[in-house]
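Undergrad: First the structure, then my questions, so here it is.
The values are calculated or read from the model by the stated rules, or taken from the named source; none is laboratory data. Keep in mind that what you see is a predicted model, and the values were worked out from it rather than measured. Note: ideal-geometry Cβ built from the backbone for every residue, glycine included; neighbour counts use all protein chains shown.
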Amino acid sequence: MSLLRTASRQLAPSRQPFIRAGAVAAQQPWNRGYATEKKIGGFGGQKQANGKYLVSLIEGDGIGPEISQSIKDIYAAADVPIEWEPVDVNPILKDGKTAIPDAAIESIKRNLVALKGPLATPIGKGHVSLNLTLRRTFNLFANVRPCKSIAGYKTPYDGVDTVLIRENTEGEYSGIEHHVVDGVVQSIKLITRAASERVLRYAFQYAESIGKKKVRVVHKATIMKQSDGLFLDLGLELSKQFPNIQFDSELLDNTCLNIVTDPTPYNDKVLVMPNLYGDILSDMCAGLIGGLGLTPSGNIGDECSIFEAVHGSAPDIQGKALANPTALLFSSIMMLQHMGLNEHAAKIQKAAFDTLAQGKYLTGDLGGKAKTHEYAGAIIDNLK
Amino acid sequence: MISRRALQTALRSGVRRPQSAAAVPSVALRTYATFPTTVGEDLLMPTKYGGKYVVTLIPGDGIGIETADAVRTVFKADNVPVEFEQIDVSGLEEGKKNAEMLFKECIASLKRNKVGLKGIVYTPVDRSGHASFNVGLRQELDIYASVVLIKNIPGLQTRHQNVDFCIIRENTEGEYSGLEHQSVPGVVESLKIITRAKSERIARFAFNFAKVNNRKKVTVIHKANIMKLADGLFRSTFQRIAEEYPSLETNDLIVDNASMQAVSKPQQFDVLVMPNLYGGILSNIGAGLVGGPGVVPGCNMGREHAVFEPGCRHVGLDIKGQDRANPTAMLLSGAMMLRHLGLDQHAGRISTAVYKVIKEGKVRTHDMQGTNSTREFTNEVLRKMDESV
């Protein structure tokens, strides 16, 4: 009971923007409240005169160019109405900060959608992670990470079909850190109503769009009562606007334990959570089905969205045609779904799943011997 | 199982001390030998009264009462020279009035007895609710190192085989600092604190633990690519201390990768050391690998105090009072405690009996795909102990 009471008390001030969304939005763009029916994070791109969508393509480092080539080949064979616009995001320093070249920003802003291969981020001093920079530049607030078991690649877990949505702009990865005194560091986890509400709302909408009936918030509000508490309360509040979706919550510890014990009860749910938990759990779910080489990822922003392979750039196998393009391919399929090109998405997805299930042309990481282009070739054959 | 000696040796490491003191393995095992010499060694010892150790018992909420009963029954049957000083602190609403008082009593009792066995006390999600007693207790007693053993139990079938690793988790700072504030309505900051002193202390504990238990590799788990200062400090401190332990292999792993590896190739892990929150995540993932929270024992070690509790810290409110809980985690935690007290024979008898029951597989609780109750399981353990006499 008192949880509800707290929730309503806390939420009271924000009701205003819900009622007068337009008026308030003018002065407080961050507090728009998304009260309207408008779908957030939707795709608003238009076809060009030649009937094709222009999509920015960031091939990435290491194995990036090879796996990007596979995607291009498969898309050409599948006759997808997409034209690729290659984009270079090698960072530049702008006023002392890591930044992405203007040309790249313009391209993505124009096309509203991009596909991205792996980028190398060195650990340690120097540049801010380029991935982080991209997220900030385009305000990519939600990271969507589905994980589905792949027939043909056996792991200890069968029938996995999880979907995780991670808040992508703040939380533990706010980047606000400082030395208090020598040997004492504070790192700030930032949770705001605006960002939390946005990602939660997206989670509800996404659940509706993919036909999942339940949304679950994963939190640690027992310990972080205010920050995770806010996130959880907002979930509860928003759930009232989505009567068709069942809402509940689970403690992070329990989620970790339960997914590892048996992931199948999570198949009917969309999990939504703050940044760090999402980061860890989405990779853990990837581990259930065979690793990052097999899982797609989408970063949804207000206007632009970037779909990417989240695995590393694997410089050790660069140029040897050993890389597995599956993650990038699956990410591109998510992109097609985001763009409303569902038929093409389904067709390519089926061809890819078939190829993996047949198991004749698997890359080395899946225990096969096929080269990158041979695997892509097999998918193209299955398209027909 | 972790030997008492192993833990205590690891423990000593947490204290900065002159190099010469390090090479005294023959110091009576039970002492915390290297605590600053101005403090009498015996002061830090658990005290025996009338031939018995007095140990604080905090059953906690949820399944605590049932599993604590199991421990009591088994200890009694084996004539273990331990007398429990039980404190029924609860984090649930109904017990609230009393809770703060009882919590203080817990602290006082543990400070007196130095050793405790505890279940998990419930923590409300509610923002107006009290802070976690579990965390408070750890911070108050400075029991800084949580040790959780993730190991397959023979006879208990799980998805992964040959899992055998150990999680050493910093227990007193990090994300569980409890420092939070609302800057303006709708903007909340939660502080994660990492200090060099505590990072060094836990790193030393991990290295010594690895050495004494014949482990080969120590891995530091972090997210220093994003939290460059906080986790960066934790990692760099670990790497600095590592130079003092050339015989051990060391490496580092980012926490998301570690979680992924844990569910795909957990066999690669040996000893893992990490800040607070990651420890919570990985110990739960680990428990999932080897059979759930009901079978994973653990302990929290400080310089002066040691509190033993189930390793992945689940309250189990949903099966409270149904006589369904698996007492294994609590029994094994109890056995660990006995080793800590130097009661190795009792510890050996109890843990052997528990493992036998599980291996035989005739009597199992629900979480182990059985149909038996907590009491039936406990009785079977007693029978096995009788047989071995």
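Undergrad: Using the structure shown, decide if B:Ser132 is under 30 Å from A:Gly235 (Cα atoms), within 14 Å of chain A (Cβ to nearest Cβ), without any contact (Cβ under 8 Å) to a residue 60 or more places away in the chain and surrounded by fewer than 19 Cβ atoms within 10 Å (Cβ to Cβ).
TA: Considered against the rule, which asks whether it is under 30 Å from A:Gly235 (Cα atoms), within 14 Å of chain A (Cβ to nearest Cβ), without any contact (Cβ under 8 Å) to a residue 60 or more places away in the chain and surrounded by fewer than 19 Cβ atoms within 10 Å (Cβ to Cβ), B:Ser132 comes out as no.
Undergrad: Considering only region B:39-128, give the strands (runs of 3 or more DSSP E) lying wholly within it that have at least 3 residues that are modelled with pLDDT under 90, under 26 Å from B:Lys320 (Cβ atoms) and not β-branched (Val, Ile, Thr).
TA: Per the criteria, no element qualifies.
Undergrad: Examine region B:248-257 for a residue that is more than 10 Å from chain A (Cβ to nearest Cβ), among the polar types (S, T, N, Q), surrounded by fewer than 24 Cβ atoms within 10 Å (Cβ to Cβ) and over 19 Å from the mean Cα position of the chain (by Cα), and state whether such a residue exists.
TA: Of the residues in region B:248-257, the ones more than 10 Å from chain A (Cβ to nearest Cβ) are B:248-251, B:253.
Applying the additional criterion that residues be among the polar types (S, T, N, Q) yields B:250-251.
From the residues that got through so far, the ones that are surrounded by fewer than 24 Cβ atoms within 10 Å (Cβ to Cβ) too are B:250-251.
Those left that are additionally over 19 Å from the mean Cα position of the chain (by Cα): B:250-251.
Scanning region B:248-257, I find at least one residue that is more than 10 Å from chain A (Cβ to nearest Cβ), among the polar types (S, T, N, Q), surrounded by fewer than 24 Cβ atoms within 10 Å (Cβ to Cβ) and over 19 Å from the mean Cα position of the chain (by Cα), so the answer is yes.
Undergrad: Taking B:Arg169, is it under 20 Å from the mean Cα position of the chain (by Cα), touching a residue at least 40 places away in the same chain (Cβ under 8 Å) and within 30 Å of B:Val263 (Cβ to Cβ)?
TA: yes
Undergrad: Right, here's the next one. Take the conditions farther than 30 Å from B:Arg159 by Cβ and out of contact with any Asp or Glu (no Cβ under 6 Å at 6 or more places or on another chain) and apply them to A:Glu250. Does it pass?
TA: For A:Glu250, the condition - farther than 30 Å from B:Arg159 by Cβ and out of contact with any Asp or Glu (no Cβ under 6 Å at 6 or more places or on another chain) - is not met.
Undergrad: Looking at (1) touching a residue at least 24 places away in the same chain (Cβ under 8 Å); (2) in a loop (DSSP other than H, G, I, E, B), find the lone condition where A:Lys154 falls short.
TA: Only one criterion in (1) touching a residue at least 24 places away in the same chain (Cβ under 8 Å); (2) in a loop (DSSP other than H, G, I, E, B) is unmet by A:Lys154, namely (1).
Undergrad: Same structure again: List the number of the failed condition for A:Leu288; all other conditions in (1) touching a residue at least 24 places away in the same chain (Cβ under 8 Å); (2) farther than 30 Å from A:Gly368 by Cβ; (3) within 9 Å of chain B (Cβ to nearest Cβ) hold.
TA: (2)
Undergrad: Select, from A:Ala207, A:Ala194, A:Ala151, A:Ala203, the only residue that is facing chain B (nearest Cβ under 8 Å), aliphatic (A, V, I, L, M) and over 16 Å from B:Asp231 (Cβ atoms).
TA: On the way: A:Ala207 fails: facing chain B (nearest Cβ under 8 Å); A:Ala151 fails: facing chain B (nearest Cβ under 8 Å); A:Ala203 fails: facing chain B (nearest Cβ under 8 Å).
Answer to the check: A:Ala194.
Undergrad: Moving on to the next point. Considering only residues that are within 13 Å of another protein chain (Cβ to nearest Cβ), of a type in the set (Val, Ile, Thr) and not in a strand (DSSP E or B), which ones fall in region B:136-171?
TA: B:Thr158, B:Val163
Undergrad: Scan the helices (runs of 4 or more DSSP H) fully inside region A:190-274 and keep the ones with 2 or more residues being within 18 Å of B:Leu277 (Cα to Cα). Walk me through it before giving the result.
TA: Details: elements: A:193-210, A:227-239, A:252-261.
Hits in region A:190-274: A:227-239, A:252-261.
Undergrad: Every residue in region A:255-275 that is farther than 24 Å from A:Glu170 by Cβ and either away from chain B (no Cβ under 12 Å) or surrounded by fewer than 17 Cβ atoms within 10 Å (Cβ to Cβ) (or both), please.
TA: Scanning region A:255-275 gives A:Asn258, A:Asp262, A:Thr264, A:Pro265, A:Tyr266, A:Asn267, A:Asp268.
Undergrad: For region B:181-233, which positions are assigned to a helix (DSSP H, G or I), at the interface with chain A (Cβ under 7 Å from one of its Cβ atoms), farther than 18 Å from B:Ile281 by Cβ and small (Gly, Ala, Ser)? Break it down stepwise before answering.
TA: Taking region B:181-233 first, the residues assigned to a helix (DSSP H, G or I) are B:196-212, B:230-233.
With the extra rule that they be at the interface with chain A (Cβ under 7 Å from one of its Cβ atoms), the set shrinks to B:196-197, B:230, B:233.
Applying the additional criterion that residues be farther than 18 Å from B:Ile281 by Cβ yields B:196-197, B:233.
Within region B:181-233, just B:Ala197 meets the criteria.
Undergrad: Criterion first (modelled with pLDDT of 95 or more, under 30 Å from B:Arg201 (Cα atoms) and within 11 Å of another protein chain (Cβ to nearest Cβ)) does A:His219 satisfy it?
TA: yes
Undergrad: Give me a count of the residues in region A:133-148 that are surrounded by fewer than 20 Cβ atoms within 10 Å (Cβ to Cβ), within 14 Å of chain B (Cβ to nearest Cβ) and within 13 Å of the chain's Cα centre (by Cα).
TA: Looking only at that region, the number is 1.
Undergrad: Continuing with the same structure: Counting only residues that are surrounded by 19 or more Cβ atoms within 10 Å (Cβ to Cβ), give me the strands (runs of 3 or more DSSP E) lying completely in region A:44-130 with at least 3 of them.
TA: Because the criterion is at least 3 residues that are surrounded by 19 or more Cβ atoms within 10 Å (Cβ to Cβ), the strands (runs of 3 or more DSSP E) in region A:44-130 that meet it are A:53-58, A:113-116.
Undergrad: Where residues in region B:264-284 are in contact with a His (Cβ under 8 Å, 6 or more places away or on another chain) and in a helix (DSSP H, G or I), which of them is nearest to the other protein chains (Cβ to nearest Cβ)?
TA: Only one residue tops the list, namely B:Tyr278.
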